[in-house]
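Reading through the structure tokens given below for one structure.
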Amino acid sequence: MNSDISKFYEKSWQERLTILKEHCQLNEEELSLLKSLRPLDFSTANIMIENVIGVFGLPLAIATHFKINGKDYLIPMAIEESSVVAAACKAAKIARLAGGFKAEAAEQIMVGQIQIFAAKEKQKEIIEKINANKKMLLEKANACDAVLVSFGGGARDIEIKQFGDFIVLHLLVDVRDAMGANAVNTMCEKLAFEIEKMCDCKVGLKILSNLAIYRMAKAKAVFPKEVLGEAVDAVIEAWRFASLDQFRATTHNKGIMNGIDAVAIACGNDFRALEAGAHSYACLDGRYKPLTRYWKDKQGNLVGEIELPIQVGIVGGATRVNPMAKLCLKILGVKSAKELACVLASVGLAQNFAALYALATEGIQRGHMKLHAENIAVQAGAKGAEIKKVALRMIEMQSINEATAKEILKEIRKGA
Ligand code: MEV
């Protein structure tokens, strides 16, 4: 499969679907799901959450040009914000010139937390008991999830942290290809009961932590100096701004999550978990920092790298219940949670590079304007072919607002 498809944005909807069908071997049922614009029926929606009254729409797009670890990907992105998909494509196209993204993901270990109340003087005894019975406790945890164990996953280790009047037990669980929240929470509830019995103490919370520090993903790419010219230094300066200033670092990281969340949503994953983990990791040492870094290689090319915790799955939860998520995973063609983590890290880096490149050169508004103007035209009541006409006229007039759009629309309709 070759994701280096030129001018995908200029193709009609039907042409885009035909390309997708050929590249991703979509069947008629999958194509009609895309064509129907009805991604979920009521009964599916109604088993996903409570009090359902309808289904909410978001545009679903494909980011082209991505090559990650030598493999081409067409990347589904669900997002309401214009320019994000175009920016990802542009960055992937530039990175591709130097071989694309190199990415890696660690073992898929999640942390579950159990809060154990114990006065300071009793803590040592409880910790010794837990350590002496570690094997038994891990076995009890694994007995909760025979399926996970059969796939080679399961509880691996226990760590202890001490606070004033309570201890926190960290249960480290290899969740394989699942996001893992359910598996970890079930294990924690079971272990909490065992610990209460064994240590004659009271247990508080039992819940996974979204600071998935054992589930890190990294991606790296070279952006050739022949394409960037002076922007190599400009991007590094833009990154330095984020590395020194928390106000900038927050927006810098927001841009990264634009891409990561969009792919996560398309693939039915919990983007709030990713957000929580990413921002918590960004200030792990007490100072909030950018999740990427940039430098120049010996030849003067720009090198970018991202590292962040990625907690995603390709089995279980919405990835299987939501037919659109299932389809997006098929389009993406990932075979494991690790591979999905590599894709997400690469998209995050692509998104960040594109934002810095634009911000450090022409600014982001120019690229933004066309779609923004079209949005305003729709708000002003433009329909069909009128939308582009009104948008173009507003850009020419350098006055993009609803009042101008209404004026132009009136003139167009008078002339028609
Ligand atoms: C907008 O959604 C994201 C950016 O603000 C990110 C950034 O400033 O780096 C463009």
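The values are calculated or read from the model by the stated rules, or taken from the named source; none is laboratory data. Note that this is a predicted model, so its numbers are computed, not measured. Reconstructed Cβ throughout: ideal geometry from the backbone, glycine too, with neighbour counts over all protein chains shown.
Observations
- Flag: residue 329 does not match the condition of being touching an Asp or Glu at 6+ places or on another chain (Cβ under 8 Å) and either modelled with pLDDT of 95 or more or not assigned by TED's automatic domain parsing to the domain that holds residue 272 (or both).
- Enumeration of residues in region 65-75 that are at negative phi and either modelled with pLDDT under 95 or surrounded by fewer than 24 Cβ atoms within 10 Å (Cβ to Cβ) (or both): 67, 71, 72, 74
- Considering region 149-168, the residues that are over 22 Å from residue 105 (Cβ atoms), touching a residue at least 12 places away in the same chain (Cβ under 8 Å) and not charged (D, E, K, R) include one that is surrounded by the most Cβ atoms within 10 Å (Cβ to Cβ), namely 167.
- Looking only at residues in region 94-104 that are crowded, with 21+ Cβ neighbours inside 10 Å and assigned to a strand (DSSP E or B), the one that is farthest from the ligand (Cβ to nearest atom) is 103.
- Test: residue 171 is crowded, with 20+ Cβ neighbours inside 10 Å and outside any helix (DSSP H, G or I): yes
- Unmet criterion (only one of (1) buried (at least 21 other Cβ atoms within 10 Å of the Cβ); (2) more than 23 Å from residue 338 (Cβ to Cβ)) for residue 82: (1)
- If you filter region 10-40 down to residues that are exposed (fewer than 13 other Cβ atoms within 10 Å of the Cβ) and touching a residue at least 12 places away in the same chain (Cβ under 8 Å), you find that the one that is farthest from the chain's Cα centre (by Cα) is 35.
- Summed over region 336-384, the residues that are within 16 Å of the ligand (Cβ to nearest atom), assigned to a loop (DSSP other than H, G, I, E, B) and under 22 Å from the mean Cα position of the chain (by Cα) give a count of 1.
Residues checked against (1) part of a helix (DSSP H, G or I); (2) on the phi > 0 side of the Ramachandran plot; (3) not polar (S, T, N, Q); (4) not assigned by TED's automatic domain parsing to the domain that holds residue 374:
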| residue | (1), (2), (3), (4) |
| --- | --- |
| 77 | no, no, yes, yes |
| 80 | no, no, yes, yes |
| 85 | yes, no, yes, yes |
| 92 | yes, no, yes, yes |
| 123 | yes, no, no, yes |
| 129 | yes, no, yes, yes |
| 138 | yes, no, yes, yes |
| 142 | yes, no, no, yes |
